[in-house]
Amino acid sequence: MSDKLKIGFYWCAACGGCEISVLDIDDMILDVVEKAEIVFWPCAMDPKYEDVEKMDDGEMDIVFVNGSIRSDENHEMVKLLRQKAKKVVAYGSCSSIGGLFGLGNLYDNDELMEYGYNTPSTDKDGVMPLDDNMVPEGDLHLPGLTHHVRPLDEVIDVDVYLPGCPPLPNQLEEAFPALLSGEVGKYDLISQKSVCDVCPLEREEKKIPRLYPIQEKKLEAEECILDQGVLCMGPATSGMCDGPCPEVGHPCIGCNGPVRGVKDQGARMASALGSVLGAEGEERMDEDEISEVVKSVRDPTGSFYRFSLPTSYLRYKRRDLHE
Amino acid sequence: MADNGFEPKIIVFLCNWCSYGGGDLAGVNREQYPTNVLGIKVMCSSRVSPEHIMESFNDGADGVLITGCHPGDCHYIDGNYKTFRKIGLISKMLEDLGINPKRLRLEWISSAEGGKFAQVMREMTEQIRGLGPLDLKEEVE
Amino acid sequence: MNKDNKIEIDPITRLEGHGKITIFLDEEKNVDNAYLQVPEFKGFEKFCNGRRAEDMPNITSRICGVCPVAHHLASTKALDDAYGVTPPEPALKLRELIYNGYIYADHLLHFYFLASPDFLVGVDAPRESRNILGVIEKVGLDIGKDVIKQRANGQKIIRTLGGKAVHPCFGIPGGVTKSLNREEREMILDMSESMVEFSKFTLDIFKDKVLKQYSQPIEEDRLEVYSMGLVEDGKLSHTGGEVNIVDPTGKYFASFSGTDYLDVIREHVEPWSYMKFPYLKEVGWKGFTEGQDSGVYRVGPLGRLNASKSMKTPIAQKEFEEMFDILGKPVHSTLAYHWARLIEVIQSAELVKELAEDDTLESDEIRAETGEPGRGVGIVEAARGTLIHDYVVDEGGLIEDVNLIVATNHNAAPISMSVTDAARKYVDGGDVKPGMLNSVERAFRAYDPCLACATHSAMGETPLEVTIYDSKNCKYKKVTQGLGDNR
Ligand code: SF4
Ligand code: SF4
Ligand code: SF4
Ligand code: FES
């Protein structure tokens, strides 16, 4: 028992998919528990905070943290885990690159709340969740939200990044043994290849006269989706997933974030798309026509940064426009 | 809200084949333009990637100006068209992220247009001065 | 405040990220009230605004990674409606197939991995073994491996059509992106035989190990509220038909589809939780109370069985009849959720088999042409209950308005009430009986609450923290799901 590694799992603001992904390695979980003792995993086991608090510093060998940082509680907990763990792995895209909830960074917290509690189906009595509440029997406290959604490394040091929404069994088959044997560099688990490089569909980098919504374009199964004029994030996305989405005829939506060494996935996609967008013989096109082509890329911000806005250069919406 | 003491920092990417020459000519002709601009020479405007633009803002630029050959004149045939489309996408992305897209500008300047070069630099500087500083570094807790 | 009155059960956990119960005591130190708080919020409704409509299935699937297929399909259906398109038959069947694969996998996950440790290993067992590994120890490695394999079967169906088991992509407005080839269909057909067998086996385990030992809580933990679920020609459905609501006596109350949900359901907001509390508009919000006069209703497996006349498949139908013969209809016992869930597992396995036999799944006719965008509502039954996605799509195909009512939200009030109920039973004169948390937790777990959904946020199986305050509002006790520590 004692020579086993001690590992833990924890989630912050997450969807739960990362936890499920650990179960999706099926039988391999039995190999993992052979080598490692799971000492902390609130999802599948009864959790105990005091166990963690009582631990010596660095007592746990590896802690896997998934989810983004969205509340002070997330922040506090990961600080404690950092202290107790030799190695912290940012597990999944939320924790390593900010993740999909990072789209919330396009709005203020007030806007998010105001809208969420004033939907067509809510009682419009002006009641909104508050941090501090008096109920007839006493006080109830709700934790406040952080100013914006953050990746894990904005609040603690991260030793290894393992993006993926969620990381897939083929990634984990490599990652777990490597992590358990201790030979993984910080960015080793992020592929230098793009999804295009591993995609079963062949990309010719054809000129694309304009983009179409997927529902308006009948796709040929064997052809590159982007070449056919439907947005695919493959060129700007890291390919450790082996491209399961284009394999089933669906565009890559960019969930792994940028390839190793690239910081800003959205800018990279704008670059890739800018190069192929436009008709052959476009020299004769005027600026208005080109603007139209660009407009066919609907919602570039939300589409290119769907999973990585919090780790882009700009990170969250600024107030430069309304002064 | 122009800030009187504010001197904008502006990154200007200059295409080697045209606007860089325009800049030279402006110098030879002793055209006056502000010293707020920091020029970076590139082989073609299409060498300027959206990442360079985002990074410039992130690193403290208040404005970014990209200059290239006039349509049809790009030495790499369609480089400037690519640039034009990339700038279109990036402008929209900047706007969505609450950054005034006027901080990013694209201009076609040939090597014969020394006067235009100086004028664009003056305009851009005034425009950014008017917009005020862009401080992305502020940390929010 | 008398110090001796304060029994601090040390902060066993502060994992309050995702679900938190606070109990207040009265002067006699009996339970005055209990609150279930969900302290997380992500703001999906707002940040979906401005996104491309066709991306919504893949954006909203991240509301919950435990039931991504459910959000994905609800969203796809909302888009069908918004673009005024009916997908071709093979596309609908493929969606149905992937969906039943999901129900199968998710219900098994819940039963074996999350709920059964309490039943099969026992709440008295040491904490370290109250998990799936403990279950495997108890039932034997062979069955344990079967459990893993069978859950994986459901995931495999999802992966085959959607590329990934968690957050698959397959739905687009008007259809799906992929059909099955012969080989894939035969592989699924092959699996489906064992899925049906395993689902029957699982229900037998439940009857043998749970029903017999826990007959008392099954009778006692009752909540008499309305029940809601999708039905197709009276039959329990997860993917189509109308939403049916029956009252606490089992009588028909209302049904709706599409935007009519707004006439039937409203959501109450409490300032102390990020979770909203839906109720029946016509009856009204009367607070956290049961009965005919309170607008509170339940969804999920039990809500669905109560709201249906029958099941879609033969073996499930037999079990449906047996459950209602024994417990009467409608069933108000909270623990019967497990029973209902396992009956649904049988139906899902039978449906997978039935669908996999159909070679129209190999057809290329999997997309229909879309019309002009507008408003659309998509309703499905997630494992945990009804999901409603309501979108307005603008001319350019971007999202203009979004409303989401998700599974665990519907159950928010009932869960709070079950928890209060359990607390009342087990806290007596300030003495917290050892069984209290077990029972609170059991009540809580029966719903398979997925607070990720509820706040469009956190993780499904939630660590619980219960804080008890005395009548002077001083902290009295703090106890959590780490039950082993309380004795
Ligand atoms: S990375 Fe994806 S799967 Fe993991 S928690 Fe975030 S949204 Fe869920
Ligand atoms: S389909 Fe997408 S991922 Fe595949 S080659 Fe084309 S652009 Fe790249
Ligand atoms: S193909 Fe793209 S969207 Fe699909 S898993 Fe890989 S990175 Fe994610
Ligand atoms: S060479 Fe000047 S823009 Fe291409």
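The values are calculated or read from the model by the stated rules, or taken from the named source; none is laboratory data. Keep in mind that what you see is a predicted model, and the values were worked out from it rather than measured. For neighbour counting, all protein chains shown are included, and Cβ atoms are generated from backbone atoms with ideal geometry for every residue, glycine included. Heavy atoms of the whole protein, side chains included, go into the accessibility calculation; ligands, DNA and RNA do not. Shrake-Rupley method; radii C 1.70, N 1.55, O 1.52, S 1.80 Å.
Tell me whether segment A:224-234 contains one or more residues that are more than 29 Å from A:GLY67 (Cα to Cα), away from ligand 4 (no atom under 16 Å from the Cβ), among the small types (Gly, Ala, Ser) and modelled with pLDDT of 95 or more. Working first, answer last.
Of all residues in segment A:224-234, those more than 29 Å from A:GLY67 (Cα to Cα) come to A:224-230.
Now restrict to residues that are away from ligand 4 (no atom under 16 Å from the Cβ): A:224-230.
Now restrict to residues that are among the small types (Gly, Ala, Ser): A:229.
Among the residues that remain, those that are also modelled with pLDDT of 95 or more are: A:229.
Yes.
To keep it simple, each residue is scored yes or no on (1) more than 22 Å from C:ASN403 (Cα to Cα); (2) aliphatic (A, V, I, L, M); (3) facing chain C (nearest Cβ under 9 Å); (4) surrounded by fewer than 24 Cβ atoms within 10 Å (Cβ to Cβ).
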{"residue": "A:ILE25", "(1), (2), (3), (4)": "yes, yes, no, yes"}
{"residue": "A:ASP56", "(1), (2), (3), (4)": "yes, no, no, yes"}
{"residue": "A:MET77", "(1), (2), (3), (4)": "yes, yes, yes, yes"}
{"residue": "A:GLN83", "(1), (2), (3), (4)": "yes, no, no, yes"}
{"residue": "A:ASN109", "(1), (2), (3), (4)": "no, no, yes, yes"}
{"residue": "A:THR119", "(1), (2), (3), (4)": "no, no, yes, yes"}
{"residue": "A:ASP123", "(1), (2), (3), (4)": "no, no, yes, yes"}
Task: Of residues in segment B:97-130 being open to solvent by 20 Å² or more (accessible area, probe 1.4 Å) and in contact with a Pro (Cβ under 8 Å, 6 or more places away or on another chain), the one farthest from A:SER308 (Cα to Cα) - done: B:ARG122
- [ ] Tally the residues that are open to solvent by 20 Å² or more (accessible area, probe 1.4 Å) and either among the β-branched types (Val, Ile, Thr) or more than 9 Å from ligand 2 (Cβ to nearest atom) (or both), restricting the search to segment A:206-240.
- [x] 13
Open item on the list: Of the conditions (1) farther than 26 Å from C:LYS164 by Cβ; (2) free of Cβ contacts under 8 Å to residues at least 12 places away in the same chain, A:GLU216 satisfies every one except a single condition; which number is it?
Closed with: (1)
TODO: Name every residue in segment C:142-157 that is out of contact with any Leu (no Cβ under 7 Å at 6 or more places or on another chain), closer than 25 Å to C:GLU183 by Cβ and among the β-branched types (Val, Ile, Thr), in order of residue number.
DONE: C:ILE148
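Name the residue that is farthest from C:ILE59 (Cα to Cα), counting only residues in segment A:233-248 that are touching a Gly at 6+ places or on another chain (Cβ under 9 Å) and part of a loop (DSSP other than H, G, I, E, B). Write out each step before concluding.
Filtering segment A:233-248 down to residues touching a Gly at 6+ places or on another chain (Cβ under 9 Å) leaves A:233-234, A:236-238, A:240-241, A:243-248.
Among the residues that remain, those that are also part of a loop (DSSP other than H, G, I, E, B) are: A:233, A:237, A:240-241, A:243, A:248.
Details: A:MET233: 15, A:THR237: 17, A:MET240: 21, A:CYS241: 19, A:GLY243: 18, A:VAL248: 18 Å.
Result: A:MET240.
Of the residues A:GLY249, A:GLY257, only one is in contact with a Ser or Thr (Cβ under 8 Å, 6 or more places away or on another chain), open to solvent by 10 Å² or more (accessible area, probe 1.4 Å) and in the same structural domain as A:CYS199 (by TED's automatic domain parsing); which?
On the way: A:GLY257 fails: open to solvent by 10 Å² or more (accessible area, probe 1.4 Å).
Within the list A:GLY249, A:GLY257, the selection yields A:GLY249.
Taking segment A:146-203, which residues are part of a loop (DSSP other than H, G, I, E, B), open to solvent by 70 Å² or more (accessible area, probe 1.4 Å) and more than 13 Å from every other protein chain (Cβ to nearest Cβ)? Spell out how you get there, then give the answer.
Keep residues of segment A:146-203 that are part of a loop (DSSP other than H, G, I, E, B), which gives A:151, A:155-159, A:163-168, A:182-193, A:199-201, A:203.
Restricting the remaining residues to those that are open to solvent by 70 Å² or more (accessible area, probe 1.4 Å) gives A:157, A:183, A:186-188, A:192-193, A:200.
Selection gives A:ASP157, A:GLU183, A:LYS186, A:TYR187, A:ASP188, A:GLN192, A:LYS193.
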Open item on the list: Looking only at segment C:268-323, how many residues end up being in a loop (DSSP other than H, G, I, E, B), of a type in the set (Val, Ile, Thr) and either out of contact with any helix residue (DSSP H, G or I) (no Cβ under 9 Å at 6 or more places or on another chain) or over 26 Å from C:ASP233 (Cα atoms) (or both)?
Closed with: 2
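Residue-by-condition table, conditions (1) modelled with pLDDT of 75 or more; (2) open to solvent by 10 Å² or more (accessible area, probe 1.4 Å); (3) facing chain B (nearest Cβ under 8 Å):
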{"residue": "A:SER291", "(1), (2), (3)": "yes, yes, yes"}
{"residue": "A:SER296", "(1), (2), (3)": "yes, yes, no"}
{"residue": "A:ARG306", "(1), (2), (3)": "yes, no, no"}
{"residue": "A:LEU309", "(1), (2), (3)": "yes, no, no"}
{"residue": "A:SER312", "(1), (2), (3)": "yes, no, yes"}
Open item on the list: So, B:VAL28, is that one in contact with a strand residue (DSSP E or B) (Cβ under 6 Å, 6 or more places away or on another chain) and either away from ligand 4 (no atom under 16 Å from the Cβ) or in contact (Cβ under 8 Å) with a residue 24 or more places away in the chain (or both) or not?
Closed with: no
Open item on the list: Return the residues of segment C:220-239 that are assigned to a loop (DSSP other than H, G, I, E, B) and surrounded by fewer than 17 Cβ atoms within 10 Å (Cβ to Cβ); say none if nothing qualifies.
Closed with: C:GLU224, C:ASP233, C:GLY234
Open item on the list: If the requirement is being in contact (Cβ under 8 Å) with a residue 40 or more places away in the chain and within 16 Å of ligand 1 (Cβ to nearest atom), which of these qualifies: A:VAL160, A:VAL155?
Closed with: A:VAL160
Open item on the list: I'd like to check something: does segment A:221-230 contain any residue that is touching a residue at least 24 places away in the same chain (Cβ under 8 Å), part of a loop (DSSP other than H, G, I, E, B) and near ligand 3 (Cβ under 7 Å from one of its atoms)?
Closed with: no
Open item on the list: Between a residue in segment A:176-189 that is not assigned by TED's automatic domain parsing to the domain that holds A:LYS87 and any residue that is among the hydroxyl-bearing types (Ser, Thr, Tyr), which pairs come within a Cβ distance under 8 Å, given they are 6 or more apart or on different chains?
Closed with: A:LYS186/A:TYR161; A:TYR187/A:TYR161; A:LEU189/A:TYR161
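For segment B:72-96, give me each residue that is of a type in the set (Val, Ile, Thr) and open to solvent by less than 30 Å² (accessible area, probe 1.4 Å). Quick ask: steps written out before the conclusion?
First, pick out the residues of segment B:72-96 that are of a type in the set (Val, Ile, Thr): B:77, B:83, B:87, B:90.
Once the filter is applied, which keeps residues that are of a type in the set (Val, Ile, Thr) and open to solvent by less than 30 Å² (accessible area, probe 1.4 Å), segment B:72-96 yields B:THR83, B:ILE87, B:ILE90.
Any residue that is modelled with pLDDT of 90 or more, part of a strand (DSSP E or B) and in contact with a strand residue (DSSP E or B) (Cβ under 9 Å, 6 or more places away or on another chain) - is there at least one of those in segment A:71-86?
We begin by selecting, within segment A:71-86, every residue modelled with pLDDT of 90 or more; these are A:78-86.
After this cut, where a residue has to be part of a strand (DSSP E or B) as well, the list is A:85-86.
Next cut, in contact with a strand residue (DSSP E or B) (Cβ under 9 Å, 6 or more places away or on another chain) only: A:85-86.
Yes.
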Open item on the list: Filter segment C:177-215 down to the residues that are closer than 24 Å to C:ALA115 by Cβ and among the acidic types (Asp, Glu) and list them by number.
Closed with: C:GLU197, C:ASP204, C:ASP208
Open item on the list: Can you pull out every residue in segment A:46-65 that is within 17 Å of A:GLU76 (Cα to Cα), under 26 Å from the mean Cα position of the chain (by Cα) and at pLDDT 90 or above?
Closed with: A:VAL63, A:PHE64, A:VAL65
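Filtering segment A:246-266 down to residues that are within 14 Å of ligand 1 (Cβ to nearest atom) and at the interface with chain C (Cβ under 9 Å from one of its Cβ atoms), which residue is nearest to the chain's Cα centre (by Cα)?
Let us first name the residues in segment A:246-266 that are within 14 Å of ligand 1 (Cβ to nearest atom), namely A:253-257.
Imposing the further condition that a residue be at the interface with chain C (Cβ under 9 Å from one of its Cβ atoms) reduces the set to A:253, A:255.
Details: A:ILE253: 11, A:CYS255: 6 Å.
Ranking the qualifying residues of segment A:246-266, first place goes to A:CYS255.
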Task: Members of segment B:77-94 found to be assigned to a helix (DSSP H, G or I) and more than 7 Å from chain A (Cβ to nearest Cβ), listed by number - done: B:GLY79, B:ASN80, B:THR83, B:ILE87, B:SER91, B:LEU94
TODO: Output yes when any residue across segment A:271-279 is more than 14 Å from chain B (Cβ to nearest Cβ), more than 16 Å from the chain's Cα centre (by Cα) and either touching a residue at least 60 places away in the same chain (Cβ under 8 Å) or open to solvent by less than 20 Å² (accessible area, probe 1.4 Å) (or both), and no when none is.
DONE: no
Task: Exclusive hit being open to solvent by less than 10 Å² (accessible area, probe 1.4 Å), assigned to a strand (DSSP E or B) and either in contact with a Cys (Cβ under 8 Å, 6 or more places away or on another chain) or under 30 Å from A:LEU81 (Cβ atoms) (or both), set A:LEU140, A:LEU103 - done: A:LEU140
Task: Yes/no for A:GLY257 being at positive phi, in contact with a strand residue (DSSP E or B) (Cβ under 9 Å, 6 or more places away or on another chain) and at pLDDT below 95 - done: no
